[in-house]
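The values are calculated or read from the model by the stated rules, or taken from the named source; none is laboratory data. The shown structure was predicted, so the numbers you read here are calculated from the model rather than taken from an experiment. Counting neighbours? That spans all protein chains shown, and the Cβs are built from the backbone with ideal geometry, glycine included. Please note that ligands, DNA and RNA were not included when accessible areas were found on the heavy atoms of the full protein model with its side chains. Shrake-Rupley method; radii C 1.70, N 1.55, O 1.52, S 1.80 Å.
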Amino acid sequence: MNIVVCVKQVPDTETLIKVKPDGSGIVEDGIKWVMNPYDEYGVEEALKWKEKQGGDVTIISLGPARIMETIRTALAMGADKGILIDDPSLSGADAFTTATALAAAIKTIPYDVIFCGQRAIDDDSGQVGAVLAELLGIPSVTIITKAEVADKAVKVLRPIEGAQLSIQSPLPCVITCQKGLNEPRYASLPGIMKAKKKPVDIKNAAALGITVDMKAKVVKTIPPPARPPGKIIEGEEPAQKAAALVKLLREEAKVI
Amino acid sequence: MAKGIWIVAEQRDGALRKVSYELASAARKLADQLGEDVGAVLLGGPGVEGLAGQLAKYGVDKVYVAENAAFEPYTTDAHSLAITTVVKAKDPSILLLAASAQGKDLSARLVGKLATGMATDCTDLKIADGKLVAVRPMYAGKCYGEIVVSGSPQMASLRPNVFPLAENAKAGAIEKFDPSLDPAKLQTKVLEVMKETGGSIDVSEANIIVSGGRGMKGPENYGMLEELAGLLKGAVGASRAAVDAGWRPLKDQVGQTGKTVAPNLYIACGISGAIQHLAGMSSSKYIVAVNKDPEAPIFAKADYGIVDDLFKVVPEITKEAKKLLAE
């Protein structure tokens, strides 16, 4: 089985995000870059499928040269090879452009299933997986917490508000991974050593035969609205404080 | 020239979801600024047309209805094909969907089918130079972005519970359309819908969330949060620590790797306020923190803080709230 996993490099969740004074983006100095946590579920699922079905796992990522580290992380976890799409014209790419580049690269290799994170925790857009499926002309099942493969089809579990759906899709398809799907493994030391020798293809937009046509743009980045300072409710006893709180919630905040 | 502010109405089991009215209200506001009409796409099984009137109440001028058994239950394929057909035929300038479980799935596929751009999970919409400017949290709310979509239609998905409802009755004229569904293109199938018992509200849809973290000490203590949440008709949330410890289900997790929420009231009990958690809940209208550690970062975000033992405070809050609600 030929398995593809799309991964993105994002700031670690511990990162305190600072907005540039001119609103043109975030300050990238000092950021620790990691694999998007939802993509880790994709890598883990791919490796589990490979262990069961046999086959090979290709990691694909788009971004500047630093993303090689994230591809190597996935290779150290056990993936077989990588494709790095690096082109300055793709910097700040929207979902459609990103998916166009990924689709162009994936079309050059055999694939039976493609895993993506359900969203990247930087831009939180959650679009690329489904757009990629559309561009490849295959089905998408998104934000899923379980996936079982049988006979050229996959059965997934998708949580929605107040229910869970069991959905079946033929293969190939794009599957976007939600927390709960699995527990991503850590790379082992031998894995890290082996990863250094695994092949990674580097491609630019021209090699992929794509022209960049952005459909959406972040025109301004702004800090979150500041919250007015709150008050600490004083009192002798818990009961007193609770009574004061409930009164404030009713009379001042008017929320209960 | 593209014209019209459209929404995709979301219905389940023959009832419109509240977010559909939020979409209609937000679309009406934009339409009035631009001098355009509001259209709604409504898909469902036979008889779904009967819901059109409720959309009209919130400012929808025209409802584009397609009835087909393939729309029940929702599938990505049937819905995205039908909406693409009608959008391509009528060419609206703006298309709004809910950033709900269904809307997230559907809207992303539509971005591909319509070859356009979208601002996901928006919390505000503005018009500048005749174009939609969508405001949305990024990095789970650690910063915000203003997005301009240059593709057509300009798509945005709206975070549930954020946009106010505004009744503003319009004609709601019904125009039926043929979704021209090619059975060969309906590839995914819903095998089973497993409803959760107990009818609890999802944290993403709740007006009030009572959330517990590591300070709850164990799963057996969440009963007191459930009681308070039940009383306030809210939902119980959890920090990542509580979910990773196996105390609470994943669907309740609030934070950067869980759900980003914006209820009217968020009561954080025994949650210290890790940056990832704060990112997921700091756009709540009012935040209450109960924690015995006065230095806990959660207090910096709280409108009201109580520094005390939550096991003593929470039952008292419940008692007081009960008294108040009985009045």
Next item on the list: Give the residue that is farthest from B:ILE271 (Cα to Cα), with candidates limited to residues of the range B:208-226 that are buried (at least 17 other Cβ atoms within 10 Å of the Cβ) and under 26 Å from the mean Cα position of the chain (by Cα).
Entry: B:ILE208
Notebook entry, point to check: Name the residues in the range A:78-107 that are free of Cβ contacts under 8 Å to residues at least 40 places away in the same chain and open to solvent by 20 Å² or more (accessible area, probe 1.4 Å), would you?
Noted result: A:PRO88, A:SER91, A:THR98, A:LYS107
Next item on the list: Considering only residues that are over 17 Å from B:ILE201 (Cβ atoms) and open to solvent by 30 Å² or more (accessible area, probe 1.4 Å), look in the range B:1-20 and name the one that is modelled with the highest pLDDT.
Entry: B:LYS3
Check: List the pairs whose first member sits in the range B:251-273 and is more than 9 Å from chain A (Cβ to nearest Cβ) and under 17 Å from A:GLU14 (Cβ atoms), whose second member is part of a helix (DSSP H, G or I) and charged (D, E, K, R), and whose Cβ atoms are under 7 Å apart, counting only residues at least 6 apart or on separate chains?
Finding: B:GLY273/B:LYS301
Next item on the list: Test each condition in (1) surrounded by fewer than 21 Cβ atoms within 10 Å (Cβ to Cβ); (2) in a helix (DSSP H, G or I); (3) touching a Leu at 6+ places or on another chain (Cβ under 8 Å) for B:VAL87 and report the one that comes out false.
Entry: (1)
Check: Does B:MET281 satisfy the criteria of being crowded, with 23+ Cβ neighbours inside 10 Å and either outside the structural domain of B:THR123 (by TED's automatic domain parsing) or among the aliphatic types (A, V, I, L, M) (or both)?
Finding: yes
Next item on the list: Would you mention how many residues in the range A:19-51 are surrounded by fewer than 18 Cβ atoms within 10 Å (Cβ to Cβ) and either assigned to a helix (DSSP H, G or I) or in contact (Cβ under 8 Å) with a residue 60 or more places away in the chain (or both)?
Entry: 6
Notebook entry, point to check: Given the conditions (1) more than 30 Å from B:ARG136 (Cα to Cα); (2) outside any loop (DSSP other than H, G, I, E, B); (3) assigned by TED's automatic domain parsing to the domain that holds A:ASP80, and given that A:ARG185 satisfies all but one, which numbered condition is not satisfied?
Noted result: (2)
Check: In the list A:ILE17, A:ILE31, which residue meets the criterion of being in contact with a Pro (Cβ under 6 Å, 6 or more places away or on another chain) and within 14 Å of chain B (Cβ to nearest Cβ)?
Finding: A:ILE31
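Picking from B:MET224, B:MET194, which residue would you name as being within 14 Å of chain A (Cβ to nearest Cβ) and within 25 Å of B:LYS285 (Cβ to Cβ)?
Matching residue, one of B:MET224, B:MET194: B:MET224.
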Check: Mind checking which residues of the range B:149-197 are polar (S, T, N, Q) and touching a Phe, Trp or Tyr at 6+ places or on another chain (Cβ under 7 Å)?
Finding: B:ASN168
Item checked: Single residue of the range A:209-224 satisfying the filter (at the interface with another protein chain (Cβ under 8 Å from one of its Cβ atoms) and free of Cβ contacts under 8 Å to residues at least 40 places away in the same chain) that is farthest from B:TYR286 (Cα to Cα) -> A:VAL219
Check: Could you list, in sequence order, the residues of the range A:135-169 that are under 23 Å from B:VAL111 (Cβ atoms), within 7 Å of chain B (Cβ to nearest Cβ) and out of contact with any Pro (no Cβ under 8 Å at 6 or more places or on another chain)?
Finding: A:LEU135, A:SER140, A:VAL141, A:THR142, A:PRO159, A:ILE160, A:GLU161, A:ILE167
Next item on the list: For the range B:58-84, enumerate the residues that are under 23 Å from B:LYS3 (Cβ atoms), more than 14 Å from every other protein chain (Cβ to nearest Cβ) and either open to solvent by less than 10 Å² (accessible area, probe 1.4 Å) or under 22 Å from the mean Cα position of the chain (by Cα) (or both).
Entry: B:TYR58, B:GLY59, B:VAL60, B:VAL63, B:VAL65, B:ALA66, B:ALA82
Next item on the list: For residues that are among the charged types (D, E, K, R) and out of contact with any strand residue (DSSP E or B) (no Cβ under 9 Å at 6 or more places or on another chain), tally how many sit in the range A:104-162.
Entry: 2
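Conditions (1) modelled with pLDDT of 95 or more; (2) touching a helix residue (DSSP H, G or I) at 6+ places or on another chain (Cβ under 9 Å); (3) more than 22 Å from A:VAL34 (Cα to Cα); (4) surrounded by 15 or more Cβ atoms within 10 Å (Cβ to Cβ), marked per residue:
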{"site": "A:VAL174", "(1), (2), (3), (4)": "yes, yes, yes, yes"}
{"site": "A:GLU183", "(1), (2), (3), (4)": "yes, yes, no, no"}
{"site": "A:LYS196", "(1), (2), (3), (4)": "yes, yes, no, no"}
{"site": "A:GLY209", "(1), (2), (3), (4)": "yes, yes, yes, no"}
Check: Within the range B:100-137, how many residues are open to solvent by less than 20 Å² (accessible area, probe 1.4 Å), within 14 Å of A:PRO225 (Cα to Cα) and out of contact with any helix residue (DSSP H, G or I) (no Cβ under 9 Å at 6 or more places or on another chain)?
Finding: 2
Next item on the list: Could you run through the range A:1-18 and say how many residues are over 21 Å from A:GLY180 (Cβ atoms) and surrounded by 15 or more Cβ atoms within 10 Å (Cβ to Cβ)?
Entry: 8
Notebook entry, point to check: Restricted to the range B:128-170, and to residues that are among the aromatic types (Phe, Trp, Tyr) and facing another protein chain (nearest Cβ under 9 Å), which residue is nearest to A:ASN36 (Cα to Cα)?
Noted result: B:TYR139
